[in-house]
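Data first, discussion second: the structure below is written as structure tokens.
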Amino acid sequence: MAIRRGRGVAAINYPTGMNLGGDPTQALVHSTPTGNFMVTLSSVDLGQGMKQIMAQICAETIGVPTDRVVVDTADTDTGPHCMGTFASRGTHRAGNAVIQAAKEARQVMLEVAAEELEVNASDLETDGQGNIQVKGAPQKSISIFDVALSAHFKRGRSISGRGMFLIPRSYPEKETGAMKPSTCYAHACTVAEVEVDDETGEVTVLTVKNVFEIGRALNPKMVEQQLVGGSWMGISHALYETTEPYYPNRDHGGTDFNQYLMPGPGDLAQTEIIVLERPSADGPFGAKGPGEMCANPQIPAVANAVFDAVGVRIDTLPITPERILRALKAQTTG
Amino acid sequence: MAKVPVQFTLNGAEKAEFIESGTTLLNALRDKIGDTSPKGGCHQGTCGACSVIIDGELRLSCLTLAETCNGADIKTTAGLAEGGVLHPLQRAFLDAFATQCGFCTPGMIMAAKVLLDRTPNPSREDVVEALSGNICRCTGYEPIIQAVLVAARANSQNAA
Amino acid sequence: MELRKDYFADVRKDGLHEIGQPRPRLDSPGHVTGKTAYFADRNFPGMLHLKMVRSPHHHARIRSIDTSEAEKHPGVVRVLTARDVPHNVYTILILIQIGPEDETVLADGKVRWKGEAVVAVLGETERAAQEAAAKVKVDYEVLPAVFDMEEALKPGAPLVNEYHGQNYYLYDSGECRKVRFGDVEAGFAQADHILEQSYQSSPIEHAPTETTGCVVAPEGNDRFTCYTNTQAMFFTLDNASIILQMPGSKLHFVGGTVGGGFGGKVDVIVEPIAILGAKLTGRPVSFVYSREEEMQISSPRAAEKVVIKDGVMRDGRIVARKVTGYTDAGAYSRHSPYGAQKGAAHYPGPYTIPNVWIDTYCVYTNRTPSSAMRGFGVTIGDFALEVQMDKLARLIGMDPLEFRFINAYRDGDMKAHRQPTEGAALIECMQEASRAANWPVAEKYMAMSSYRKGA
Amino acid sequence: MSLALQTFSSVKDANAALQAAGTRYLGGGTLVVRAANEGDVSTSSLVRVTDPGLSRIAVADGDVRLGASVTMAAIARHPELAALAPAARAVGGPAIRNMATVGGNLFAPAPYGDFAVALLALDATIVTEDGETPIEAFLASRDTSRAIITAVGFALPKVESFRFLKVSRVKPKGVSVLSIAVVLERTADGTVSSARIALGCMADRPIRAIAAEKALLGCKLAPGEIAPALAAAGEGVAPITDPIASAWYRAEVLPVHLGRLLLG
């Protein structure tokens, strides 16, 4: 029996959005009478934290703390159209729409504040704590609470805004395939280290070191959630998962979590995550879509590490103990 | 269809209902009693999202018939916070960013609570074993393991 | 997690108030207290449960369907067949003009995969619906089925889907989506080494902990509220409107908190039939996939086959890359024609190669229709590309990481699908990986940058 | 028809009720409630017994008697059953172990039934109202068995003579690629004087590796000496193919894992 060790590397990029269908999302933003802000969307939160990120984007743009923002999604009676939560488009497309709507609302807010303070709106700034002040003279200020009250009950202004972000549809050119299927690209490089039991074909992923470039980590803790979970899913894809274990034979498909294999809490690789930020030109605060790309580089990195360990190439996913063992046996007889 | 009475304590409150014979505890809690904190992720006993504590033991409410729980003391995640104050496990899950979609969270917390009730200072291995019947598809488990370990430390510091 | 702010520091504005801050998630308190409401947490008095009778065959003609015993079963309120569905043949991407309509809501005359929906039973309880479903009699004439993509593409293979007329999706470019860049044959002729390899995957399930489903409640004013865990509210609403031939104004969708999706909840499968059930009975209807259905009936990530032929120089430059990709759509299109062409644009990967030839096929077989999943159109391609890169490096005796630096795309480089590279960061990711993994590369690679002067 | 649960205080009454068509016995629920949830409408009635004797663990004079309703968790934490704890802990996660019973495990089809593999190696006796049946005979006829199991009995093995291994893809909880239970008696110099080896997943139910048992007699537990036993381990097996592993793979790694268990 021998436990053999190997490591492998992979580098990837990942596109944001689905331009080949036209890629729109809308957002509405309005203030309540006491200066809280509602973001209205029809975008779906799958657990990745869409609502929280939209709240932070709106708060940053308006100039209020995040806890002053409420996100109302996804109700088709109230929320304007969003293409959907897929293609790593949620943060990017909806975020841009929220920025546009929030900017419009902010402008009205500043205009009302200007009337109250008897200055020009262009001379005003927000302090991020819920106040509007004159640039260079912060003692001359008014709370957003009072501005909203004034807008509603005194000045008859609607502190609100509309946001629409559309990447126009790209039609692939028939003969050359010239097309613009997406906008900004995220990047990653992963190094995986494995142990392979050459008598059973069992693989243990010891470590994965993932470097992800995601444009901008809008909320670093939530980015970390996605990247750690995605890295786990990548390893899972590499070594465990399929609904058809004997593809293309249709038999023996798993029907529960016992038969559908994924790494358990006792199978976790020591996981390191390093994030780089090269802001994208068109992303909200430079963000790109990190949700999908983070689960991709582990797959080839693990495959290459298995080869490095035992000298057999498994070019069929998932890289099961059976496939490795068969290859090892073919290697010794061949 | 024959209805049968069930009576048990849920998070300290007496509950009595007439249910159809053969109803699982999961469905009785969710549909009759209105405690939707246990989730139905598989109804097979393979995901742990429906985990509840019955008479101090972790059980899968999807495989437990409600009629067999007469007189039992049942606890769910919905009853964990006391007086609006989160349980240390709940607090730790928040602080460790250990929830994403949240669907597995109530079951995870129940599994972790049983562990900490019996083993106040668990090792990482203990935590892994305690969570081994609960599936999470979002987090990769590590943040959840960390949250349970943090809660255990918080608990033991409070006790000391 | 470590944020390495030293990279690209010149182009990033820090010091924002809310952005870049690790704010606690506003949804987490609901999660840890079990208070977060998912679609299935809505319960309505008198709610019916929908159970589906499914095809036991991979491919069969339906001679007859007899629902009479099921309809008489105690607790059964309504049984639905293809006849009840106003616009029974649909395809999800018709909204962006990707057709033809090729899939039945309930099977009509034929089933094309094992597990296909044939008859829907609405019962007072899940048990009543299950018992009645067992009493539905469907007379099938089993037809030959095809499961292998290469077999499916051969002349004389069983025809999976008559709406297409052949076992592949017909793009405006023909049987596949093409990308042509440079002269790939000239590149191969020039190369020191040629390596052609084939890669394969099998379907992968999203396996969210919350299964796909919806709860529909009549609003009482001819409108219906559908609580759903779809990933795309209006995609679902608009397709339901087409299938049910109901104005969209009669439909109200509520969603937004979903127990995991990963791409598995972008199909429009459960909502239209549940709304139809609510409309025809006047009662709330719940249709939730069982875990078995989620695992084997809901769309998986497509199986793919990727054939890569590369021409590489001894100095490490890849001079030609030809990729043929096959996406196993299963019996119906769903999102697969999109995924296959997304793949065409993704090859040849994040590398600058002067001569590229790409063909991607969307192939029909008699298996569960596949659809989008996290990394749609890219994940399996990346596996193939990056294993191929490892093989090429070893073929020419070069370090696999250094080999990637030589070929990495940089700002301004023209991609095969004729988009100039912008915002590249592959090199910096590899540099950081080299450090973090203690995998040293030559200093010249550590001195590289994705920036190009003037770009 | 809905699913009805009938509760009895005695096994005798429950056995009578169990004779009705469409009736199954409810133990821990991990098999029958799951089947009902998944739409198996062939069962319309479940029968259970509340007799506390079914949950009793008795250890006396080296003999163990486990009530059929004893759970895996109860075995795993029982101080006198420490030798069996690895086998009991091999079943499911913590919640499943609080529910899954000794009796139910005897009926679990492969790849489940790891504890039954242990019971087979232990040469257990299966007790019903009608009498006692050797486990091998019981397993052979379990598909048609209608009598409620009340207990299982076996001689308590010494910790060092009982070995158990479950191989699974997912850790720490996954279902079996295979499981192996071995009861070995050795002389003072370490020579094997008797061996019972039971295998899980090597057929649709636990089976014995009789050829390997024979080949092990007279051996010391050293690689060269056990090689013939390992070579014979696959004799007579018909491994299952399922989503976890193929028959080919199971057969290939059986001698590897048996060897590691014997030498470990």
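Evaluate the distance, in nm, between pseudo-label points positioned 7 Å from the Cα of residue B:14 and of residue D:227 along their respective Cα→Cβ axes.
Placing both labels 7 Å along Cα→Cβ, they lie 7.5 nm apart.
Given an 8 Å cut-off on Cα distances and at least 6 residues of separation, report the relative contact order of the range B:42-134 as a percent.
This gives 35 percent for the range B:42-134.
How high is the relative contact order of the range B:3-79, in percent, counting Cα pairs under 8 Å that sit 6 or more residues apart? Provide the component values of the computation, followed by the final result.
Numbers: 154 pairs, mean separation 29.6, N = 77.
Relative contact order for the range B:3-79 comes out at 38 percent.
Give me the log10 of I(q) over I(0) for the range A:98-149 at q = 0.24, 0.25 Å⁻¹, as the Debye formula computes it from C-alpha points; what are the numbers?
For the range A:98-149 at q = 0.24, 0.25 Å⁻¹, log10 I(q)/I(0) is -0.86, -0.93.
Could you pull out the trypsin sites (Lys or Arg not before Pro) across the range C:268-352 that fall in loop regions by DSSP (anything but H, G, I, E, B) with no more than 15 other Cβ atoms inside 10 Å?
Sparse-neighbourhood loop trypsin sites (Lys or Arg not before Pro): C:314.
For chain D, what is the per residue volume of the convex hull drawn over the alpha-carbon atoms, in cubic angstrom?
Dividing the Cα hull volume of chain D by its residues yields 127 Å³.
Report the label-to-label distance for residue D:77 and residue A:123 in nanometres (one decimal), using points 7 Å from each Cα along the Cα→Cβ vector.
The answer from the label model is 7.4 nm.
How far is helix D:223-232 tilted, in degrees, relative to the longest principal axis of the Cα atoms in chain D, given as a value from 0 to 90 rounded to the nearest 10?
The helix D:223-232 is inclined about 50 degrees to chain D.
Note down, for the range D:21-63, the three equivalent ellipsoid semi-axes (square root of 5 times each alpha carbon gyration tensor eigenvalue), biggest first, whole angstrom.
Three semi-axes, in Å: 30, 11, 8.
Out of the trypsin sites (Lys or Arg not before Pro) in the range C:138-246, which ones are loop residues according to DSSP with at most 16 other C-beta atoms within 10 Å?
Listed in order of number, the matching sites are C:223.
Taking loop as defined by DSSP and a crowding limit of 13 other beta carbons within 10 Å, which trypsin sites (Lys or Arg not before Pro) in the range A:124-159 fit?
For trypsin sites (Lys or Arg not before Pro) across the range A:124-159 that sit outside H, G, I, E and B with at most 13 neighbouring Cβ atoms in 10 Å, the list reads A:135.
Just the number: Rg to Rh for the range A:19-167, Cα atoms, Kirkwood Rh, two decimals.
On the Cα set of the range A:19-167, Rg over Rh gives 1.02.
What are the residues whose amide H is under 5 Å from the amide H of residue B:62, where those residues sit 5 or more places off or on another chain and H is modelled from the backbone?
B:26
Would you kindly give the portion of the calculated P(r) for the range C:301-455 that falls above 29 Å, as a percent of all Cα pairs?
Working: 2782 of 11935 pairs.
Tail fraction, whole percent: 23.
Would you mind computing the Rg to Rh ratio of the range C:227-286 from its alpha-carbon coordinates, Kirkwood style for Rh?
Result: Rg/Rh = 0.95.
Treating the angle as unsigned and between 0 and 90°, give the value, to the nearest 10°, between the Cα long axis of helix C:426-436 and the longest Cα principal axis of chain C.
80
Subtracting the Cα-Cα distance from 0.36 nm times the residue separation, let me have the gained length for residue C:449 to residue C:69 in nm, one decimal. Don't skip to the end; give the middle numbers.
Details: separation 380, 0.36 × 380 = 136.80 nm, distance 7.22 nm.
Contour length minus Cα-Cα distance gives 129.6 nm.
Which percent of Cα pairs goes in each bin when the distances of the range B:88-159 are cut into 5 angstrom slices starting at zero?
Values per bin, smallest distances first: 3, 19, 34, 27, 12, 3, 1.
Which Cys residues of chain A have no other Cys beta carbon under 4.7 Å away?
By the Cβ distance rule, which asks for a partner under 4.7 Å, the isolated cysteines are A:58, A:82, A:184, A:294.
Just need the Rg to Rh number for the range D:159-263, please, alpha carbons only, Kirkwood Rh.
Taking Rg over the Kirkwood Rh, I get 0.97.
Once you sort the root eigenvalues of the Cα gyration tensor of the range D:142-184 as a ≥ b ≥ c, which label holds: rounded (a/c under 1.5), prolate (a/b larger than b/c) or oblate (the other case)? Working shown, then result.
Details: a/c = 2.76, a/b = 1.21, b/c = 2.27.
Since a/c reaches 1.5 but b/c is at least a/b, the shape of the range D:142-184 is classed as oblate.
To the nearest Å, what is the center-to-center distance of the range B:1-63 and the range B:81-160, using C-alpha atoms only?
Answer, in whole Å: 22.
From the C-alpha gyration tensor of the range D:53-155, pull out the three semi-axes of the equivalent ellipsoid (sqrt of 5λ each), sorted largest to smallest, in whole Å.
After scaling each eigenvalue by five and taking roots: 19, 16, 12 Å.
For chain C, what's the radius of gyration and Dmax over Cα atoms, in angstrom?
Rg, Dmax (Cα atoms, Å): 25.8, 79.
Under a Cβ-Cβ limit of 4.7 Å, which cysteines in chain C have nobody to pair with?
C:176, C:214, C:226, C:362
Kindly write out, for the range A:233-243 in residue order, the coupling ³J(HN,Hα) from the Karplus curve 6.51 cos²θ - 1.76 cosθ + 1.60 (θ = phi - 60°), rounded to whole Hz, with x marking Gly and Pro.
3J(HN,Hα) across the range A:233-243, in whole Hz: 5, x, 4, 4, 4, 4, 10, 10, 8, 5, 7.
Pairs B:15/B:113; C:13/C:178; A:154/C:250; A:174/C:305; A:329/C:391; A:154/A:288: which exceed 32 Å Cα-Cα?
C:13/C:178; A:154/C:250; A:154/A:288
How large is ³J(HN,Hα), in whole Hz, for each residue of the range A:314-325 in order, when computed from phi with the Karplus curve 6.51 cos²θ - 1.76 cosθ + 1.60 and θ = phi - 60°, using x for Gly and Pro?
Calculated HN-Hα couplings, in order: 10, 9, 10, 8, x, 7, 7, x, 4, 5, 5, 5 Hz.
Give me the number: length gained by fully extending residue C:183 to residue C:148, i.e. 0.36 nm times residue separation minus the C-alpha to C-alpha distance, one decimal in nm.
9.4 nm
Would you work out which of C:174, C:153, C:189 lies farthest towards the positive end of the dipole of the range C:144-210? Charges go on Cβ: Lys and Arg +1, Asp and Glu -1.
C:174
How large are Rg and Dmax for the protein assembly as shown when only the alpha carbon atoms are used, in Å?
Computed over the Cα atoms of the protein assembly as shown, radius of gyration and Dmax are 30.8, 103 Å.
Pairs of lysines 8 or more apart, or on different chains, with alpha carbons under 27 Å: count those in chain D, would you? Please list the in-between numbers first.
Working: D:158/D:166; D:158/D:173; D:158/D:214; D:158/D:220; D:166/D:214; D:166/D:220.
Lysine pair count for chain D: 6.
Using only Cα atoms, locate the centre of the range A:25-63 and the centre of the range A:251-297, then give the distance between them in Å, rounded to an integer.
Cα centres, the range A:25-63 to the range A:251-297: 25 Å.
Which FRET efficiency value, to the nearest 0.05, do you get for residue D:203 and residue D:263 by plugging their Cβ-Cβ distance into 1/(1 + (r/R0)^6) with R0 = 25 Å?
That pair, residue D:203 with residue D:263, gives E of 0.50.
Where the centre of each part is set by its Cα atoms, how far does the range C:72-138 sit from the range D:167-207, in angstrom?
48
Given points 7 Å out from each Cα along the Cα-Cβ axis, report the residue C:422 to residue D:35 separation in nanometres with one decimal.
Placing both labels 7 Å beyond Cα along the Cβ direction yields 6.2 nm.
Mind grabbing the base-10 log of I(q)/I(0) for chain A at q = 0.12, 0.13 Å⁻¹? Debye formula, identical points on the C-alpha positions, no solvent, two decimal places.
For chain A at q = 0.12, 0.13 Å⁻¹, log10 I(q)/I(0) is -0.90, -0.99.
Quote the FRET efficiency, to the nearest 0.05, computed for residue C:172 versus residue C:11 with a Förster distance R0 of 41 Å and r equal to the Cβ-Cβ distance.
Efficiency computed from Cβ-Cβ geometry: 0.60.
Read-outs throughout are calculated quantities, based only on the coordinates presented, and are distinct from any laboratory measurement. These numbers were taken from a predicted model, which means no experiment stands behind them. We place every Cβ from the backbone using ideal geometry, glycine too, and count neighbours over all the protein chains shown.
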